[in-house]
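The values are calculated or read from the model by the stated rules, or taken from the named source; none is laboratory data. These numbers come from a predicted model, not from an experiment. For neighbour counting, all protein chains shown are included, and Cβ atoms are generated from backbone atoms with ideal geometry for every residue, glycine included. Calculation scope for accessible area: heavy atoms of the full protein, side chains included, ligands and nucleic acids excluded. Shrake-Rupley method; radii C 1.70, N 1.55, O 1.52, S 1.80 Å.
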Amino acid sequence: MNKRSLRVLEYYKIIDLLIPYAGSPMGQKLCKYLKPSRELTEILRMQEETRDALTRLYKQGNVSFQGVNDIGMSLKRIEVGATLSMSELLELARLLDAATQVRSYGVSDDPESELDSLTARFTDLMPCEHLSREIHRCILSEDMIADDASSTLKDLRRQKKQMNDKIHSQLLHIVNAQDNQSLLQESLVTIRNGRYCIPVKQEYRSKFPGMIHDQSSSGSTLFIEPMSVVNLNNELKEYENKELIEIDRILAGLTEQAGFEIEAIKGNITLLTELDFIFARAKLAKSYDGTEPHFNTDGYIHIKQGRHPLIDKKTVVPIDLTLGKDYDLLIVTGPNTGGKTVSLKTIGLFTLMGQAGLHIPAFEGSSLAVFQDVFADIGDEQSIEQSLSTFSSHMSNIVYIVKHATPETLVLFDEIGGGTDPVEGAALAISILNHLHTQGIRCMATTHYSELKTYALSTEGVENASCEFDLASLRPTYRLMIGIPGKSNAFAISKKLGLPDALIENAKGTLDDSALDFETLLNDLEKSRRTIEEEQAQITAYKQEVEQLRNQLKQKQASIDQKQAKLLQDAREEARVILEEAKEIADQSIRKYQKWERNPYKADNKSMEAERAKLRGKLKDMDASMPKAKKNRRSKQNAEDFQVGDTVYIISMDTTGTVLSLPNSKKELSVQVGILHMNLPITDCEITDAPKETSATGRKQSSRNTSYHTDLSRSKTIRPEINLIGLTVDEAVAKLDQYLNEALLSNLNQVRIIHGKGTGALRNGVQDYLKRQKHVASYHNAEFGDGDMGVTIAELQ
């Protein structure tokens with residue numbers, strides 16, 4: 001890939017973020033030299049590895065590669081027959097321990113566990129646990145061999161300790177003797193040149209025959225090894241030499257064992273380094289919520305909610321961007337600091353990251369194309385040393401790009417044609433872009449030139465885009481809008497900042513009519529876009545609400561079905577118990593009557609009558625405990641018998657209701673039952689004996705009651721907002737009047753009236769109406785972000 005593009009698109013900064021996620025020096029080295037690939041198969045393999053590692057991180061947590069260090073020099077020393085030191089053997093053991101931990105992380109004992117692209121690497125690890133255990137058993141630290149490393153070493157150290165104690169005991173006897181107190185500088189035993197000595201004053205050296213090993217800096221103290229312990233010290237030295245020989249033998253044995261496993265150790269180093277590199281890519285993806293992009297060789301790019309990875313994800317504004325399908329040249333316009341360059345860098349950086357096997361911070365389903373190279377002309381490349389101006393430097397780079405660009409490359413221009421005369425710069429820019437466009441090269445360019453906007457509008461396969469700017473706050477929103485050319489907003493910004501209107505009008509007067517018409521067209525397009533977006537947001541909100549209500553209805557229906565099934569099961573169980581009890585009573589009675597029939601002399605009328613009375617009582621109790629079945633009968637009332645306001649008994653529901661309207665053509669009555677309003681056949685309704693109000697006053701009162709019940713039923717489901725968008729002022733006021741009556745019946749304290757922004761006529765009409773209503777305490781526009789000028793909040797009293 002073009003090194004200049006890697007630098008200006010800040011690819012190396014992504015690598016700087018990647019390196020710390022690797023736990024081993026070798027893994028960090030692979031991260032440091034990671035470059036985008038041009039081969040689709042290699043890209044897909046690396047993306048699959050990153051995806052599988054990321055999946056494992058989410059499912060199993062983090063994996064550590066601590067202890068995986070470069071022991072290549074130690075392995076070479078083994079191969080030439082040298083003996084490894086204690087520190088080298090411990091480094092080898094730590095590597096094998098890391099292999100054990102990583103393998104246990106990656107290999108599952110469950111035979112049904114899913115396999116992925118990393119499974120083979122995990123299973124191929126050979127931890128050589130026997131070698132690791134033996135090293136840890138023999139070597140306690142980088143300068144300490146365990147006593148149990150061998151039986152010989154253990155015996156030597158035991159004998160050495162005994163000799164030490166013996167020498168120390170004899171010297172203490174000399175030091176503590178009363179006659180020697182005045183002859184010694186201090187009453188202690190010390191070591192000089194590895195030999196036990198005592199500190200003797202210079203003038204009494206003849207009192208202690210032996211070997212002098214050292215003296216103090218002043219010369220007043222001599223460190224003498226008494227003759228009585230010379231032989232003992234010699235023996236101690238022999239034990240120490242034997243100990244060193246035995247340690248060398250132990251280290252040689254461990255090195256030899258490592259030599260037997262050297263191929264497995266080399267394989268472990270390779271596998272652990274690769275896994276460390278792969279998991280570093282996955283950890284980086286996790287840090288910015290990255291996803292795997294889909295790749296194609298058709299030059300098609302589609303980024304969904306892409307976020308520049310070097311901008312704080314709490315503040316970065318996602319962009320949607322498409323290139324290479326309906327158009328292969330995208331021209332982005334808009335004010336400075338509006339996000340044009342960030343959008344340009346995002347598409348270039350995503351391409352480089354994706355082809356390097358890195359996930360991109362975008363929504364699932366984003367697509368990238370595989371390019372053979374990426375060319376970018378971004379930033380001020382003015383060079384004093386080379387006597388190049390900004391324009392010359394840019395043009396030198398553009399010349400290189402034009403020579404080397406092909407349909408398999410991606411070209412990015414920032415402020416193409418800038419830094420020179422606007423007329424000539426715009427002409428050059430159109431010529432360069434048209435040259436690339438005719439070759440089918442995917443290209444994206446940012447500019448301030450209106451000529452390029454017109455070129456995009458009039459040329460097939462070329463599309464305009466812009467970065468949104470909020471004139472109210474004089475701040476960019478950083479949203480990229482495809483299909484709409486941008487404005488520099490110089491006049492609006494100047495006016496907001498206080499430039500006199502006369503100067504602004506004079507500036508507008510210098511523009512030709514075509515430029516003014518073009519700006520007017522852009523304003524109209526912007527207004528239409530905002531209106532459409534607001535309506536789409538409302539439609540989305542309504543869809544979500546409908547879906548929520550649908551889910552609630554499904555849940556209620558499921559609950560009803562569950563309760564119905566339980567009731568049916570309980571009824572069947574109760575019926576079974578009753579039948580069994582009835583059968584038991586019948587069997588007992590039959591047995592008694594059969595007994596009386598066999599022995600008529602023992603039967604008497606009194607006993608038989610008592611048994612019959614007992615049987616009748618139990619049957620009566622059982623009948624009372626059973627739920628009464630609904631009466632299977634039909635009403636004999638005719639349609640002419642019913643009047644509005646009649647109280648009727650509903651046979652199927654075993655309850656009463658009030659007639660709201662006369663029977664229709666299907667002979668169905670409209671009946672109010674509590675808060676329920678239902679249509680029932682006249683065969684299911686009987687007029688009760690309750691007195692009717694047949695007078696005009698009574699009927700009027702009944703009608704009022706019916707209206708009240710209807711309003712009450714409606715108020716149970718009234719929403720705290722009404723949508724008037726699309727209505728005329730008269731239609732909206734009529735609908736709002738009816739809605740406010742229902743809202744008052746529902747005891748709503750506040751309602752939300754959606755009228756949209758548009759020209760403002762509907763909002764003014766609604767607010768004029770609210771101003772005249774006594775039951776409206778106050779009203780005001782909604783807060784910013786909650787509808788703003790398109791919604792009015794009314795407080796009811």
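At-a-glance table
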| quantity | calculated |
| --- | --- |
| Qualifying aspartates and glutamates (Cα of each under 19 Å from Cα of Lys636; at least 8 residues distant if same chain) | Asp646, Asp654, Glu668, Asp684, Glu686, Asp689 |
| D (Stokes-Einstein, µm²/s), Kirkwood Cα radius, the range 199-254, 0.692 mPa s at 37 °C | 243 µm²/s |
| Beta bridge orientation in the range 282-433: antiparallel %, DSSP, nearest 5 | 45 percent |
| Spin-label pair Thr297/Ile262, simplified geometry with 7 Å Cα→Cβ offset, distance in nm | 4.4 nm |
| Spatially proximal aspartates and glutamates relative to Lys154 (Cα-Cα < 16 Å; intrachain offsets below 8 disregarded) | Glu238, Glu240, Glu243, Glu246, Asp248 |
| log10 of Debye I(q)/I(0), alpha-carbon scatterers only, for the range 282-431 at 0.09, 0.10, 0.11, 0.20 Å⁻¹ | -0.32, -0.39, -0.48, -1.29 |
| Residue (of Ser141, Gln215, Ser151) at the positive-pole extreme of the range 127-215, dipole from beta-carbon charges | Gln215 |
| Mean Cβ neighbour count within 10 Å, used as a protection proxy, ranking 119-127, 398-406, 449-457 highest first | 449-457, 119-127, 398-406 |
| Pairs beyond 24 Å (Cα-Cα), from Lys59/Lys283; Lys313/Lys495; Lys207/Lys237; Lys3/Lys403; Lys13/Lys345 | Lys313/Lys495; Lys207/Lys237 |
| Portion, in percent, of the accessible area of the range 1-119 that falls on carbon or sulfur, probe 1.4 Å | 51 percent |
| Cubic angstrom per residue, convex hull over Cα atoms of the range 716-797 | 85 Å³ |
| Per-residue ³J(HN,Hα) for the range 191-200, Karplus 6.51 cos²θ - 1.76 cosθ + 1.60, θ = phi - 60°, Hz, x for Gly and Pro | 10, 9, 6, x, 10, 6, 9, 10, x, 10 |
| Rounded to the nearest 20 debye, dipole of the range 218-280 from Cβ charges on Lys, Arg, Asp, Glu | 140 debye |
| Solvent-accessible heavy-atom area per residue, rounded to whole Å², over the range 339-453 at 1.4 Å | 36 Å² |
| Peptides ranked, highest mean first, by Cβ atoms within 10 Å: ranges 317-324, 243-250, 569-576 | 317-324, 243-250, 569-576 |
| Charge dipole magnitude, Cβ of K and R +1, D and E -1 - the range 1-110, Cα centre, debye nearest 20 | 600 debye |
| Largest-first ellipsoid semi-axes for the range 96-253, taking √(5λ) over the Cα gyration tensor eigenvalues, angstrom | 57, 16, 12 |
| Sequence-distant aspartates and glutamates (8 or more away, or on other chains) whose Cα lies within less than 15 Å of Lys592 | Glu584, Asp604, Glu609, Glu611 |
| Descending Cα extents along the principal axes, the range 155-220, whole Å | 43, 26, 18 |
| Residues of the range 162-292: accessible area per residue with a 1.4 Å probe, Å² | 50 Å² |
| Pair-distance profile P(r), taking every C-alpha pair of the range 68-137, with 5 angstrom steps and integer % | 3, 15, 21, 21, 15, 10, 8, 4, 2, 0 |
| Percent carbon-and-sulfur accessible area, the range 176-312, ignoring ligands, DNA and RNA, probe 1.4 Å | 48 percent |
| Dipole moment magnitude, nearest 20 debye, the range 146-232 about Cα centre, only Lys, Arg, Asp, Glu C-beta charged | 160 debye |
| Amide H partners (placed H, <5 Å) of Tyr779, local residues excluded | Glu795 |
